[in-house]
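Peer 1: The structure that follows is given in the form of structure tokens.
Computed from the coordinates by the stated procedures, all read-outs in this text should not be read as laboratory data. Here the structure is a predicted model, which means the values were calculated and not measured. Virtual Cβ from ideal backbone geometry, glycine too; neighbours counted across all protein chains shown.
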Amino acid sequence: MQTHELLKLSEAELSPLLKTMSLTELELHIQQILEDLGARSYSNTMLDVMRLVQASGSSSDRFHRLQDYLRDTLPNKAMMSDLYARLAAMMMVFLVRKVSM
């Protein structure tokens, strides 16, 4: 599945797909979106995201802080209104699955 196709899915379709998608494929989609939004370094962005998630309290707080971080730090602003929420969800699923390995 192409990244642009993934982003067009409804939340009801996207959520289960993220849980079953391979970590490699999920990471490639995250990298593509970050690149499209102007991230200079995937590694540095993910390091910042991991620090942010660790420093945040509740899961709801983590999710909102992550969305704010993405919106505030990525140079190319998203035209799709819920792109930051989708990217944050993808990153959270990736991190949770990566840590549980």
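Peer 1: Taking 0.36 nm per residue of separation and subtracting the Cα-Cα distance, what length does fully extending Thr24 through Gln54 add?
Peer 2: Separation in residues times 0.36 nm, less the Cα-Cα distance, equals 8.6 nm.
Peer 1: So what is the relative contact order of the chain, in percent, for Cα pairs below 8 Å that sit 6 or more residues apart?
Peer 2: Working: 58 pairs, mean separation 34.3, N = 101.
So the answer I get is 34 percent.
Peer 1: Which net charge results for the neighbourhood of Arg86, defined as the other residues with beta-carbon distances under 14 angstrom from its beta-carbon, given Lys and Arg at +1 and Asp and Glu at -1?
Peer 2: With Lys, Arg at +1 and Asp, Glu at -1, the net is -3.
Peer 1: What does the extension gain come out to for Leu17 and Tyr42, with contour length at 0.36 nm per residue minus their alpha carbon separation?
Peer 2: 6.7 nm
Peer 1: For Thr73 and Asp61, calculate 0.36 nm times their separation in residues minus their Cα-Cα distance, and state this gained length in nm to one decimal. Show your work: numbers first, answer last.
Peer 2: Numbers: separation 12, 0.36 × 12 = 4.32 nm, distance 1.79 nm.
Result: 2.5 nm gained on full extension.
Peer 1: In region 1-95, what trypsin sites (Lys or Arg not before Pro) fall in a loop by DSSP, with at most 13 other Cβ atoms inside 10 Å?
Peer 2: Sparse-neighbourhood loop trypsin sites (Lys or Arg not before Pro): Arg40, Lys77.
Peer 1: I would also like to ask the following. By what distance, in whole Å, do the Cα atoms of region 1-100 stretch along each of the three principal axes, largest value first?
Peer 2: So the extents along the principal axes, rounded to whole Å, are 32, 31, 23.
Peer 1: Could you work out [θ]222 nm for the chain from helices alone, using -39500 (n - 2.57) per DSSP H run of at least four and dividing by all its residues? Round to the nearest 500 deg cm²/dmol.
Peer 2: Theoretical 222 nm ellipticity from helices: -23500 deg cm²/dmol.
Peer 1: Evaluate the charge dipole of the chain about its Cα centre and quote only its size in Debye, nearest 20, assuming +1 on the Cβ of each Lys and Arg and -1 on the Cβ of each Asp and Glu.
Peer 2: Value, rounded to 20: 240 debye.
Peer 1: Then there's this: Using alpha-carbon positions, what is the distance between the centroids of region 1-56 and region 84-101, in Å?
Peer 2: Measuring centre to centre over Cα atoms gives 7 Å.
Peer 1: Could you tell me which helices of the chain pass both thresholds, a Cα extent of 15 Å or more along their own axis and a mean Kyte-Doolittle hydropathy of at least 0.0, with helices taken as whole DSSP H runs?
Peer 2: The qualifying helices are 42-55, 83-99.
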